[in-house]
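Encoded as structure tokens, the structure appears first; notes follow it.
Coordinate-derived values only; no laboratory data. These numbers come from a predicted model, not from an experiment. Cβ: placed from backbone, ideal geometry, glycine included. Neighbour counts: every protein chain shown.
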Amino acid sequence: MAAHRVIILGGGFGGLYAARALRKAPVEVTLLDRRNFHLFQPLLYQVATGSLSPGDVCAPLRSILRRQKNTRVLLGDVSDLDPRTRKVILHDGASFDYDSLIVATGSESFYFGNDQWRVFAPSLKSVEEATAIRHKILYAFEAAERTTDVDERRAWLTFVVVGAGPTGVELSGALGEIARETLKHDFRAIDPTEARILLLDGCPRVLMTFPEDLSAHAERSLVGLGVRTRTGVLVTEIDPQGISFREHGGAVERLAARTVLWAGGVHVAGFGRILAQRTGTQTDPSGRLLVNPDLTLPGYPEIYVVGDLAKFAGPDGRPLPGVAQVAMQGGAYAARGILAHLEGHQNRRPFHYIDKGNLAVIGRASAVARIFGVRLHGLIAWLVWLFVHIMYLVQFENRVLVFIQWGFLYLTFSRGARLITGSPSDGAVPNREGPFETIGHEGPS
């Protein structure tokens, strides 16, 4: 009798934890991902701000799962599926049959219908985007050093982060440390500590998913790093020269800023929409699929949806957030559901999410945390944040490397991955006379 075929789509937290939970099961597991590595996304902002290199937060999927004899890893981009014949189809035309399917393809950045902003305000969902943001941040200081125009220099030294959730708070806090500590002695024509950093959000306060007292602590810490927060505002335009926004019901304000970074929201990626169409599953406004209590799709008990793709209510009746813990627990639960089915158990217990809390770091020795209901802030919360993130890195060598890097950063404020990769002209700006040029460039005489 052929082994039960399990296909897992996505090598993020949900897919990886599902694969690991099936390591001793009498099944044949195939993990499909468009990338050959697992990305530890909670630390991606540190790649974007030069604290870590991409290799510090990534681990090859084949290496992680090499000892699981019942598991194979394949590189491929899924484009479609046929739920009737239980087949997934890749962009290159290849297809794979499944008996059980776990979909954990994640989400992508959402610009609320303004996708043209993506060019001017990169988001932070992939390694490529992280290195592009790193380029954009560091190039801004270089361009400010070379220009002699006061207004132009001020625009280059103005940084705007849109979205005051954990990613936006951590990114703006890191920008404050870069300007006030890391680069303060590196330039001659400019003073990096004069950089303006603005954090925008439409909600009434930063870190809306945190208790109000921790949100207030976070905002005070950001102010101490030179970050100015503006909440209750709506972005109306982003272009190469800056950003426009307004308070609800107020007049539009314009800010000249050459560096705008997006942390404003996510929605379901392309395959999630295809899955909803093929199975007739209802979705919420952000595209998440409405799943059964056991994380399967209505009418398709062999298809599990976990992580950011799934719309599932927690114990308080509110939808579960799109965070790593939800994906990890969902992936492991789906694997247990498959095993229960193979053992002949028809009635599956509903998925129960255990909220272990949430964390956000603001800067050196400064963080906020809610751990199993206990609220922490400052140094203690920062130490908890360090420990949790070190332990959840999937490979031992990554833990060692990140621990060493953080040790140097704590002692010296040095960011060893402070590299501007690619062509300097990638940071080119339009001038009044037409084509793009690099600030301060002079042609041959």
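Numbers for the structure displayed
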quantity	calculated
Over the chain: Rg over Rh, Cα atoms, Kirkwood Rh	0.99
Among L52, N70, A164 the positive-end extreme of the charge dipole of the chain (Cβ point charges)	N70
Alpha-carbon spread of region 317-379, three principal axes, descending order, Å	52, 23, 17
Ordering of 225-233, 371-379, 343-351, 78-86 by packing [mean C-beta count within 10 Å, highest first]	225-233, 78-86, 371-379, 343-351
Region 158-288 - charge dipole about Cα centre, Lys and Arg +1 at Cβ, Asp and Glu -1, debye rounded to 20	300 debye
Which of W156, W117, W406 has the fewest Cβ neighbours within 10 Å, and the rest in rising order	W406, W117, W156
Size of electric dipole in region 1-108: Cβ of Lys, Arg +1 and of Asp, Glu -1, about Cα centre, debye, nearest 20	560 debye
Nearest 10 degrees, 0 to 90: helix 379-392 Cα axis against the chain principal axis	50 degrees
Expected 222 nm ellipticity per residue - DSSP helices of 4 or more, -39500 (n - 2.57), all of the chain, to 500	-9000 deg cm²/dmol
Fraction of alpha-carbon pairs over 24 Å apart in region 223-375 - percent	54 percent
Pair A256, M208: separation of 7 Å Cα→Cβ label points (nm)	3.3 nm
Compactness index (Cα Rg / 2.2 N^0.38 Å), region 293-404	1.31
Vicinal HN-Hα couplings computed from phi for region 227-242 (Karplus, 6.51 cos²θ - 1.76 cosθ + 1.60; Hz; Gly/Pro x)	8, 9, 9, 10, 9, x, 10, 10, 6, 10, 7, 9, 9, x, 8, x
Gyration tensor (alpha-carbon) shape descriptor, region 161-248, a/c threshold 1.5	oblate
With 10 Å bins from 0: P(r) over region 1-144, alpha-carbon pairs, percent	11, 33, 30, 18, 7, 1, 0
Check: the chain dipole with +1 on Lys, Arg Cβ and -1 on Asp, Glu Cβ, in debye	1380 debye
Positive minus negative residues near A360 (Lys, Arg vs Asp, Glu; Cβ under 10 Å)	0
